[in-house]
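Written below as structure tokens is the structure these notes are about.
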Amino acid sequence: MLSLLQGAVSLGLLWAIMTIGVFITYRILDFADLTVEGSITTGAAVSATLVVSGMNPFLATLIAIFAGMGAGLITGLLHTKLKIPALLSGILTMIALYSINIRIMAKANVSLLRVDTVFSPFTAMGLDTRNAVIVFGLICVVAVILILYWFFGTEIGCSIRATGNNPRMIRAQGVKTDTMIILGLVISNGLVAFAGALIGQFQSYADIQMGIGSIVIGLASVIIGEVLFGTRNFMNTLFSLMLGAIAYRIIIAVVLELGLAPTDLRLFTAITVAIALSFPVFKTYLGTLIKSIKRGP
Amino acid sequence: MLKVSNVSKTFNPGTVYEKVALTGVDLVLNEGDFVTVIGGNGAGKSTLLNCVAGVYPVDSGTVFIDNADVTKQPEHVRARFLGRVFQDPMMGTAASMGLEENLALAYRRGQRRTLRWGISNKERAYYREQLKTLELGLEDRLGTKVGLLSGGQRQAITLLMATMKKPRLLLLDEHTAALDPKTALKVLLLSDKLIREHQITTLMVTHNMKDAIKCGNRLVMMHEGRIILDIGGEEKKGLTVDYLLEKFEKASGSELVNDRLLLS
């Protein structure tokens, strides 16, 4: 049971970075960005390929982040300059990335067995792999949270938030909303690729399929985090996202333990997200139902 | 100050939805002018305002602000000259951001946004002071999300945002039309006060003839994309609704059959 929990927490921490990336587009920019399905694999593919070729894993991870940012930039340009709808822009980049990711890896997957990863310095200090991931994952997530908390408080960060909230208003205040949308997508996909790079190094391989369904996992984590751990202020929300990603992994671990077939996981996740997203509808419905019951026949 | 020359605008040209909104509009605003614009539905009032603001590109003609040709400038670049209040009270503020954050966004209008902190303590004191002048008790609610405030409060905040950093030109687009009569009057009086205090050159579109007569030093009437009346000076002071209606019939050659105009 303890090892189950340990595994869920370590994987959850890495996925938390991806969850925060999804949060930036989905909640802050109000942009349903499907690029992430491709850019998470790009992050893993770039870092794995570079690490195998002998590069320092930290430098490889940094380059993976830039690759993800590039993917976000493409989606942003498709949407703002070529006026392609948000959803479609993301899908186009995602599809294109499938081919590009295979090009990067030169095959469908790259194995990282017996090579040094970003976690190696921690295992060298005597931690086992999972604890090493928890330590380094926690450092990364907290760093990401602190940087984003600062960034979204700055003038540029405030302008990005306002762009997601009311683009007409912020244009009237002299902000170029196209630039803000692109910037948001770049940051988001950079984070997603970062998560992909870490996940790839944790599971010791990068695989072309690993991104499929990741947007739903990200959304599920965002919603679980917000509902269970609150959104009182921005700092609270960011930590809720981290806890949400971990909670998602624990839920998955538990249902698998209870005998759910791994192939049914995506169905389970999709249903969970659908229920969570429709929660407001049920709440109003229940509210009127309760009122009418109280009123009597 | 503002010079609109021979501006034309047609929406969806060449389709069944083609709509001629402006045809050869000329309008000059001098420093300190407070011009009210009236006219029926589809007269082109809002289109004129939006063409000045850069929301739509014009088909032909030019727009000058302060002797600078802004005709080809996008909306966010022109914003440095302009303060704007929209008809929809929800439109002028960011609902899920705090009151002080909204003010801070407006206070930086026309400036480069940097990685400096979005709001300073010194500003906070200034905002509190400014909010006090609205007399809505908002000075104690700097952190409140704007979405939790009423339409009237939000429109008052938008007005403050549009004028706090003094614009060269204030554009009011039927900014009281969506409010209840009592609130509408409050917001109108507040606009009038702010415009007088800071001596802001203003272009105000309205559906309400009485408001158009009561406010400002000049009245412009539009019909089918053209300016058909431009009344200023002493003549403006003595205007009545009946006189305006009569003038309208003479100038347009048609009766002003428009419920919203007549009822108001």
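Filter segment B:76-100 for residues that are part of a helix (DSSP H, G or I) and in contact with a Leu (Cβ under 9 Å, 6 or more places away or on another chain); which is farthest from the other protein chains (Cβ to nearest Cβ)? Applying the filter and picking the extreme gives B:LEU99. Taking segment B:108-123, which residues are surrounded by 15 or more Cβ atoms within 10 Å (Cβ to Cβ) and of a type in the set (D, E, K, R)? Of everything in segment B:108-123, those that are surrounded by 15 or more Cβ atoms within 10 Å (Cβ to Cβ) and of a type in the set (D, E, K, R) turn out to be B:ARG108, B:ARG109, B:ARG113, B:GLU123. Only one entry of A:LEU258, A:LEU265, A:LEU289, A:LEU277 meets the criterion of being modelled with pLDDT of 90 or more and hydrophobic (A, V, I, L, M, F, W, C), and that entry is A:LEU258.
Looking only at residues of segment B:12-46 that are surrounded by fewer than 14 Cβ atoms within 10 Å (Cβ to Cβ) and touching a strand residue (DSSP E or B) at 6+ places or on another chain (Cβ under 8 Å), we find that the one that is nearest to B:LEU194 (Cα to Cα) is B:VAL28. Any residue at all in segment B:129-150 that's assigned to a helix (DSSP H, G or I), under 24 Å from A:GLU155 (Cα atoms) and touching an Asp or Glu at 6+ places or on another chain (Cβ under 6 Å)? Scanning segment B:129-150, I find at least one residue that is assigned to a helix (DSSP H, G or I), under 24 Å from A:GLU155 (Cα atoms) and touching an Asp or Glu at 6+ places or on another chain (Cβ under 6 Å), so the answer is yes.
Restricting attention to segment B:122-147, and to residues there that are away from chain A (no Cβ under 14 Å) and of a type in the set (A, V, I, L, M, F, W, C), which single residue is nearest to A:ALA162 (Cα to Cα)? Only one residue fits best here, namely B:LEU142.
Within 21 Å of the chain's Cα centre (by Cα), part of a helix (DSSP H, G or I) and touching a residue at least 12 places away in the same chain (Cβ under 8 Å): is that true of A:LEU183 in this structure? Spelling it out, A:LEU183 is indeed within 21 Å of the chain's Cα centre (by Cα), part of a helix (DSSP H, G or I) and touching a residue at least 12 places away in the same chain (Cβ under 8 Å).
The set of residues from segment A:175-189 being within 7 Å of another protein chain (Cβ to nearest Cβ) and surrounded by fewer than 24 Cβ atoms within 10 Å (Cβ to Cβ) comprises just one member, A:LYS176.
A:LEU127 fulfils the conditions (1) among the hydrophobic types (A, V, I, L, M, F, W, C); (2) more than 19 Å from the chain's Cα centre (by Cα); (3) at pLDDT 95 or above except for a single criterion, (3).
The single condition among (1) modelled with pLDDT under 95; (2) assigned to a loop (DSSP other than H, G, I, E, B) that A:ALA8 does not meet is (2).
Annotation: of all residues in segment A:152-168 being more than 7 Å from chain B (Cβ to nearest Cβ) and among the β-branched types (Val, Ile, Thr), the one that is nearest to B:TRP117 (Cα to Cα) is A:ILE160.
If the condition is being in a loop (DSSP other than H, G, I, E, B) and more than 7 Å from every other protein chain (Cβ to nearest Cβ), then segment B:108-121 contributes B:GLN111, B:ARG112, B:ILE119, B:SER120. The residue pairs whose first member lies in segment A:1-25 and is closer than 20 Å to A:LEU191 by Cα, whose second member is acidic (Asp, Glu) and buried (at least 20 other Cβ atoms within 10 Å of the Cβ), and whose beta carbons are closer than 7 Å, counting only pairs six or more residues apart or on different chains, are A:THR25/A:ASP33. Here B:GLY216 meets the list (1) surrounded by fewer than 21 Cβ atoms within 10 Å (Cβ to Cβ); (2) among the small types (Gly, Ala, Ser); (3) in contact (Cβ under 8 Å) with a residue 60 or more places away in the chain almost entirely, failing just condition (1).
Counting only helices (runs of 4 or more DSSP H) that sit wholly inside segment A:190-285, those with at least 3 residues that are crowded, with 23+ Cβ neighbours inside 10 Å are A:214-229, A:234-257. From the list B:LEU105, B:LEU49, the one residue that fits, being of a type in the set (A, V, I, L, M, F, W, C), surrounded by fewer than 22 Cβ atoms within 10 Å (Cβ to Cβ) and not in a loop (DSSP other than H, G, I, E, B), is B:LEU49.
Counting only helices (runs of 4 or more DSSP H) wholly contained in segment B:173-261, the ones carrying 2 or more residues that are more than 19 Å from the chain's Cα centre (by Cα) and on the phi < 0 side of the Ramachandran plot occupy B:233-237, B:241-252.
Conditions tested, residue by residue: (1) among the hydrophobic types (A, V, I, L, M, F, W, C); (2) more than 12 Å from B:ILE38 (Cβ to Cβ); (3) at pLDDT 95 or above; (4) crowded, with 18+ Cβ neighbours inside 10 Å.
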residue	(1), (2), (3), (4)
B:LYS165	no, yes, no, no
B:LEU171	yes, yes, yes, yes
B:LEU179	yes, yes, no, yes
B:ARG196	no, yes, no, no
B:MET204	yes, no, yes, yes
B:HIS207	no, no, no, yes
B:ASP211	no, no, no, yes
B:ILE231	yes, no, no, yes
B:LYS236	no, yes, no, no
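Scanning segment B:85-97 for residues that are surrounded by 19 or more Cβ atoms within 10 Å (Cβ to Cβ) and more than 20 Å from the chain's Cα centre (by Cα) yields a single hit, B:MET97.
The values are calculated or read from the model by the stated rules, or taken from the named source; none is laboratory data. Remember, predicted model here, so these are calculated numbers, not experimental data. Don't worry about glycine lacking a Cβ; one is built from the backbone with ideal geometry, like all the others, and counts go over all protein chains shown.
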